[in-house]
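Reviewing the structure listed below.
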Amino acid sequence: MAHELTFEELKDFQESFNNARNKVVARAAMKSGLLEASFNPELGDKLNHVFSIEVDTENVTNQQQSGRCWLFSTLNTLRHEFGVKHKVKNFTLSQAYNFFWDKIERANRFYDEIINSANQPLEDRTVQEYLRFAGEDGGQWAMAASLVQKYGVVPSYAMPETYNTNHTAALAESLGRKERKDALVLRKLVQEGKLEEVETKRKEFLNEVYRMTALAVGEPPKTFDLEYKDDDKKYHLDKNLTPVEFFKKYINFDFSDYVCLTNAPDHEYNKLYSLPFEDNVNGGIPITFLNVQMDVLRKATIAQLKDNETVWFGNDVGKQKDNKTGYLDTNLYQLDQLFDVDTTMTKKERLETREGTVSHAMTITGVDLDGETVRKWKVENSWGDKIATKGYFTMSDQWFEEFVYEVVVHKKYLTDEQKQIAQSEPEPLKPWDSIA
């Protein structure tokens, strides 16, 4: 049923708006902006930067103009592991190295899916999702884990950032355009039954993707010399290491021991889900989520921090965040009070309407406890040290409750029943699922 606005209605709206309160609010909002005008200054005492439990970390990394937060957060977790084991602060791993291999592996998976779905109509919703995602930067914990498991890692000096790793839009657009054109060629060959030509073309296309990525990012090193001074000023040199040798010898992080817990109240709890659409490495670690109540995420995160290990987490960082103070709090901007409306939604409702989404990944490095009650959390971001408190944010527990959707924790913090579910056959999610 269509409703056509009448001038009588518009006149009523105007009369309703024109009062003293609205005029004062409008002046403040128009001059300062909506967020500044609705900022809640009373949070400072509650969100001070003191924590009862924190992993000893220092400098932050900077993803700049790229969508590599999932990779940064994973490598931050690994570099902290290296730092604890070998007593080295401020050691960093190369994001560019694993970013390079992600582009190659992701293209290979893309061509697979295009070939497998070649007899589906081009307007098929799943086919359209693959075409939309071509060349993109976004990802998940398991995607980064798959890359590290296959290709290892290198120190940042062994493969430094380039302009195109810090500003990925042009490369992502170029790869996306190329892969979509390739998709039309591969689909046509499959539909014509020319399967030998399909494999020839796939190899040709992958070679071109490799060339494009190498030109933009640089080729990854096959070997490097590990050289560093530890916190006791002791010098270390280990020559001619491969990236996989370095990972196994110096970090040796067993990804199979970790589980991604999610809190998606629009899905059935105590159930394992998978997201094959976003798997990036054939033969790698599949993306799975064990969907549980929020308190399970909270307790497992605290337990891991108490064991001096940081926690990768996926969240909706665009909600109620201030880069200047570094505050993450559900009452940070009181926009409903400013507008005199009620936009409150449950977490389930936000997921169902796509108001809520997993938009970013960061690392939890500390927590402030009062007995068993969480006062606040310490968060390491990957946006450089010029924002928040030298790059670290302070997150209220209510923000954790509402806007955190995933944490990656060791399976030892789960119950036997949860471990069993984590080993069960997952239910695959559609590419357009709310937690995709």
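The values are calculated or read from the model by the stated rules, or taken from the named source; none is laboratory data. Here the structure is a predicted model, which means the values were calculated and not measured. Cβ atoms come from the backbone with ideal geometry, glycine included; neighbour counts cover every protein chain shown. We work out accessible area using only protein heavy atoms, side chains counted, and drop any ligands, DNA or RNA first. Shrake-Rupley method; radii C 1.70, N 1.55, O 1.52, S 1.80 Å.
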> Out of Ala142, Ala20, Ala216, any idea which swings most in a Gaussian network model of the chain, alpha carbons joined below 10 Å?
Replying inline: Ala20
> If you stretched the chain out fully between His167 and Asp433, how much longer would it get, using 0.36 nm times the residue separation minus the C-alpha to C-alpha distance?
Replying inline: 92.9 nm
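How large a share of the accessible area of the chain, in percent, is made up of carbon and sulfur atoms when the probe is 1.4 Å and the other protein chains stay in place? Walk me through the numbers on the way to the answer.
Working: 10630 of 21490 Å².
The C+S portion of the solvent-accessible surface of the chain is 49 percent.
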> Taking all pairs of different Cα atoms in the range 52-94, averaging 1/r and flipping that mean, what Kirkwood radius in angstroms comes out?
Replying inline: 11.1
> Dipole of the range 142-191 (Lys/Arg Cβ +1, Asp/Glu Cβ -1, origin at the Cα centre): which of Tyr151, Ala169, Leu184 lies farthest to the positive side?
Replying inline: Leu184
>> Need one value: the accessible area of Phe253 in square angstrom, 1.4 angstrom probe, rounded to the nearest 10.
In response: 10
> To the nearest 0.05, how large is the calculated FRET efficiency for His410 and His86 if R₀ is 25 Å and r is the Cβ-Cβ distance?
Replying inline: 0.80
> How long is the gain from Lys386 to Tyr235 if the chain were fully straight, where each residue apart is worth 0.36 nm and the alpha carbon distance is subtracted?
Replying inline: 51.3 nm
> How high is the FRET efficiency from Glu196 to Asn18, r the C-beta distance, R0 60 Å, rounded to 0.05?
Replying inline: 0.20
> Assigning unit charges at the beta carbon (Lys, Arg +1; Asp, Glu -1) and nothing else, what dipole magnitude in debye, to the nearest 20, does the chain show about its Cα centre?
Replying inline: 1300
> Just by accessible area at a 1.4 angstrom probe, what is the order of Trp432, Trp399 from largest to smallest?
Replying inline: Trp432, Trp399
> Out of the range 196-270, which trypsin sites (Lys or Arg not before Pro) are coil in DSSP terms and have no more than 14 other C-beta atoms within 10 Å?
Replying inline: Lys222, Lys233, Lys234
>> Under the rule a/c < 1.5 gives rounded, and otherwise a/b versus b/c splits prolate from oblate, where does the range 129-288 land using the Cα gyration tensor?
In response: oblate
>> Contact order normalised by length for the range 31-163, with contacts defined as Cα pairs under 8 Å and 6 or more residues apart; what percent is it?
In response: 34
>> Would the chain count as rounded, prolate or oblate if I go by the C-alpha gyration tensor, calling it rounded below 1.5 in a/c and otherwise prolate when a/b exceeds b/c, oblate otherwise?
In response: oblate
>> How large is the translational diffusion coefficient of the range 284-365 in µm² per second when you combine the Kirkwood radius over alpha carbon pairs with Stokes-Einstein at 20 °C and 1.002 mPa s?
In response: 140
>> Once you compute Rg and the Kirkwood Rh from C-alpha atoms, what is the Rg to Rh ratio for the range 17-164?
In response: 1.16
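Any idea what the relative contact order of the range 360-432 is, in percent, if you count C-alpha pairs under 8 Å spaced at least 6 apart?
Relative contact order for the range 360-432 comes out at 18 percent.
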